[in-house]
Amino acid sequence: MSEERMMQWITLCKLDDLIDNSGVCAYLPDIEGQGRQLALFSLRHGDKQQLFAVGNWDPIGKANVISRGIVGSIAGEPVVASPLYKQHFSLLSGQCLEDNNIALPVFAVRLSGQDVQIANPSQPVTKGVC
């Protein structure tokens, strides 16, 4: 059985709830009651659409603001620039491009029909230093 089939997918929102080439914040409660904020990004270029999910906590600015960052690309890699101190974070790996010691957690995200879904939100795909 493929790894994707084994994942538990949770619907966060509808595709229409997202804004092309921008981010939105999603809140996920966890089993300890702490909760977690995610930054969801929908990037569209022509007919091609890509979805990304990373942690919303800016480890440098110490605030939940990543979803408010400006999206773009550097050397063909999709990035978000923190709205506080302008560091760039890869939407693929979460890695901070200005500081290799800092990264955002990255979460598996998919589109199922019109539902935007995330896999295993309690466990990031990659763990960044936050």
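The values are calculated or read from the model by the stated rules, or taken from the named source; none is laboratory data. In this text the structure is predicted, and so the values were computed from the model without any measurement. Glycine gets a Cβ as well: all are built from the backbone with ideal geometry, and neighbour counts include every protein chain shown.
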Check whether at least one residue in the stretch 14-27 is surrounded by fewer than 17 Cβ atoms within 10 Å (Cβ to Cβ), among the hydrophobic types (A, V, I, L, M, F, W, C), closer than 16 Å to R110 by Cβ and modelled with pLDDT of 90 or more, and report yes or no. yes
Looking at the stretch 66-77, I want the residues that are without any contact (Cβ under 8 Å) to a residue 60 or more places away in the chain and have a partner that is among the acidic types (D, E) and not in a helix (DSSP H, G or I) with Cβ atoms under 6 Å, at least 6 apart or on another chain. Which pairs are those? I66/D58
Across the stretch 52-105, what is the number of residues that are surrounded by fewer than 16 Cβ atoms within 10 Å (Cβ to Cβ) and over 24 Å from D20 (Cβ atoms)? 8
Are any residues in the stretch 77-117 of a type in the set (D, E, K, R) and out of contact with any helix residue (DSSP H, G or I) (no Cβ under 9 Å at 6 or more places or on another chain), and if so, which ones? E77, K86, E98, D99
Looking across the stretch 4-13 at residues that are in a strand (DSSP E or B) and among the aliphatic types (A, V, I, L, M), the single one that is modelled with the highest pLDDT is L12
Filter the stretch 33-51 for residues that are surrounded by fewer than 17 Cβ atoms within 10 Å (Cβ to Cβ) and not acidic (D, E) and give the result. G33, Q34, G35, Q37, R44, H45, G46, K48, Q49, Q50
Could you check the stretch 38-65 and list, in sequence order, the residues that are more than 21 Å from L111 (Cβ to Cβ) and either under 10 Å from the mean Cα position of the chain (by Cα) or in a strand (DSSP E or B) (or both)? W57, D58, A63, N64
